[in-house]
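Chemist: Could you have a look at this structure, given as structure tokens, before my questions?
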Amino acid sequence: MTDEEPRDLLSAYQDALRDLRRNAGPLGPLLAPLQVQADVMSGLLRRQGELEARVTGATSLFGALGAAAELTRDAPATLRTNAKAFEAASVSFKQAADVLNLQADLLERALGALSVPGGVLKQLRGPDAS
């Protein structure tokens with residue numbers, strides 16, 4: 001049975017009730033409870049449709065949550081891989097820092113070595129030769 005079949009049946013039932021009440025004459029009021037029943041059934045079908053729509057929405061939400069959970073299952077391994085890469089990079093950065101410090105030390109020594117002959121020359125020239 002499709003979703004529309006109960007609505008179609010109820011609609012046909014309500015049409016038949018209207019025809020009966022029109023043609024029932026003084027017995028028409030006796031059919032009023034059947035009309036109330038049809039109205040209640042119509043409301044129930046409408047609410048059932050709303051509930052089914054909510055369930056469908058919740059089902060798609062659970063599907064999305066499942067997909068997100070699936071993606072996060074791989075996240076710890078990815079984070080650990082990134083951590084290893086940063087550890088390796090930190091070793092490289094430490095080595096680079098050591099080389100830069102060594103270059104700075106060598107440059108300071110070279111400048112110190114160059115300033116010695118300059119100081120000797122100044123002393124040889126004497127105080128007048130500025």
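The values are calculated or read from the model by the stated rules, or taken from the named source; none is laboratory data. From a predicted model like this one, the values you see are computed outputs, not experimental measurements. Because the Cβ atoms are built from the backbone with ideal geometry, glycine has one as well, and the counts that use them run over all protein chains shown.
Chemist: Identify all residues within region 1-37 that are hydrophobic (A, V, I, L, M, F, W, C), in contact with a helix residue (DSSP H, G or I) (Cβ under 7 Å, 6 or more places away or on another chain) and within 21 Å of GLU52 (Cβ to Cβ); write none if there are none.
Modeler: LEU10
Chemist: Okay, moving on. So in region 1-36, with the set limited to residues that are outside any helix (DSSP H, G or I) and surrounded by 10 or more Cβ atoms within 10 Å (Cβ to Cβ), which one is modelled with the lowest pLDDT?
Modeler: ASP3
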